[in-house]
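The values are calculated or read from the model by the stated rules, or taken from the named source; none is laboratory data. Quick caveat: nothing in here was measured; it's all calculated off a predicted structure. Glycine also receives a Cβ, built like all others from the backbone with ideal geometry; neighbour counts cover every protein chain displayed.
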Amino acid sequence: MKRLFYGWKMVGAATGLQFLQAGLMTQAFGGYVALLSEERGWSKTSLAGAAALQQMEVALLGPALGWLLDRFGPRVFVRAGVVLFGLGLMALSRIDTLPAFYACFVLIALGTGFCGFFPLNVAIIHWFERSRARAMSSMSLGLAFGGIVVPLVAWSLQTQGWRATALGSGILAIVIGLPLASMIYNRPEDKGEVVDGDSPETGVRATGDAPESPARDFTAREAVRTPAFWLLSFGHGFALFVVHAVTVHAIAHLKEGLGYTLEQAALVISLVTLSQVGGVMVGWSIGDRYDKRLIAAACMLMHMTGLLMLTYAVNAAMVFAFSLLHGVAWGVRGPFMQALRADYFGRRAIGMILGLSFLIIMIGQIGGPMIAGLCADLTGDYRLGFTLLALLVGLGSVFFLAAKKPVRPTSASPAA
């Protein structure tokens with residue numbers, strides 16, 4: 001009986017790490033925003049600023065972290081990140097001031113930067129070639145399933161308080177996350193295997209490094225000189241206008257704008273999660289068969305339509321439509337973002353290439369929550385902010401349509 005390729009075990013571990021981060025903070029952050037805004041009187045803009053600071057820190061670390069990942073591999077960083085993430089959550093349980101709140105998110109951001117989707121994607125890219133989209137779609141199930149526990153986190157926030165919830169979340173992150181992090185290895189060779197679990201002879205041919213092959217992977221410098229690098233980065237960034245705005249503000253909009261209770265709003269986020277899982281499965285089945293950039297462009301239009309449904313919802317059917325459209329689009333498109341870059345530019349400098357792209361996509365990571373929060377503070381609701389973001393993500397579909405695959409370099413010189 002053929003032994004299971006260790007790459008799939010790593011996908012399982014990465015899925016678990018994504019689940020912890022999504023369930024304990026990423027998708028649950030809106031619950032903290034709603035409670036702290038009410039209890040402390042802090043503005044939505046200032047609370048969204050913590051999420052923006054977190055994304056900015058990850059983005060600014062991107063190039064340096066990408067270089068380190070290419071040089072030393074993700075294994076050691078993932079382990080350190082789990083500890084920092086857990087400590088940041090535990091520190092959050094002790095804060096009393098807005099500056100302390102921000103300081104905790106600096107620590108949380110450092111942790112998620114080291115053990116989040118960036119280093120995990122770099123690890124998975126090095127283990128898969130033919131099944132890359134399937135592997136990365138499978139890993140993103142962790143992010144999707146994380147939303148399922150949002151109602152549990154919301155219940156804890158309501159009944160146990162945000163301090164106890166943050167403390168317990170930090171302990172869970174370390175106790176469960178460290179064993180999962182120990183399963184992450186840098187490359188197949190570390191476990192005596194080759195890419196995709198092929199035989200060694202097949203693996204050499206699959207890498208494209210055979211002497212008779214004139215094409216090679218892009219260096220980071222070569223990649224940034226291609227239109228595809230910029231178009232993919234801007235398309236990804238525009239998608240995150242909506243993704244991060246919804247993550248930070250959807251619960252508050254449902255609670256304050258549509259009259260939902262915190263628990264009901266959390267259930268809507270869980271419905272988004274279920275739709276996201278369905279989207280991941282769709283992406284798993286089609287990602288290695290059809291043009292990913294065209295699929296991503298269609299998903300951008302789904303994001304736009306879904307957010308407009310949420311913004312102007314007058315009944316439960318429109319909220320359901322938002323959950324379905326946004327969740328499916330996120331589930332299909334999300335894993336394709338890194339898979340597209342690996343398909344276009346190769347594996348050798350993928351950490352640096354992804355890190356550099358973070359400097360561009362942070363416009364959506366930071367801009368989405370900030371635009372929505374600022375407009376809500378100025379107008380009293382989220383309609384203006386959400387409408388602007390929906391139009392931006394619709395415009396972003398053009399970037400994917402234009403992002404044609406570049407021709408691989410043919411020089412025999414090694415990739416830096």
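Helices (runs of 4 or more DSSP H) wholly in segment 103-159 with at least 1 residues that are hydroxyl-bearing (Ser, Thr, Tyr) - which ones? Can you show your working first?
Values: elements: 117-127, 132-146, 150-159.
Here the list reads 132-146, 150-159.
Is it the case that segment 249-259 has a residue that's over 19 Å from residue 361 (Cβ atoms) and not in a helix (DSSP H, G or I)?
The answer is yes, given that some residue of segment 249-259 is over 19 Å from residue 361 (Cβ atoms) and not in a helix (DSSP H, G or I).
Any idea how many residues of segment 386-405 are assigned to a helix (DSSP H, G or I) and more than 23 Å from residue 250 (Cα to Cα)?
Number of matching residues: 5.
Which condition breaks for residue 278 when tested against (1) part of a helix (DSSP H, G or I); (2) more than 24 Å from residue 134 (Cα to Cα); (3) of a type outside the set (A, V, I, L, M, F, W, C)?
Every condition holds for residue 278 apart from (2).
Here's a check for you: in segment 69-101, which residue that is modelled with pLDDT under 90 and among the aromatic types (Phe, Trp, Tyr) is farthest from residue 119 (Cα to Cα)?
My answer is 101.
Of all residues in segment 178-228, which are of a type in the set (A, V, I, L, M, F, W, C) and modelled with pLDDT of 80 or more?
178, 180, 181, 183, 184, 194, 195, 218, 220, 223, 224, 228
Residues are listed down the side, and each one gets a yes or a no for (1) within 20 Å of residue 330 (Cα to Cα); (2) touching a strand residue (DSSP E or B) at 6+ places or on another chain (Cβ under 8 Å); (3) hydrophobic (A, V, I, L, M, F, W, C):
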site	(1), (2), (3)
94	no, no, no
98	no, no, yes
108	no, no, yes
117	yes, no, yes
120	yes, no, yes
130	no, no, no
141	yes, no, yes
146	yes, no, no
150	yes, no, yes
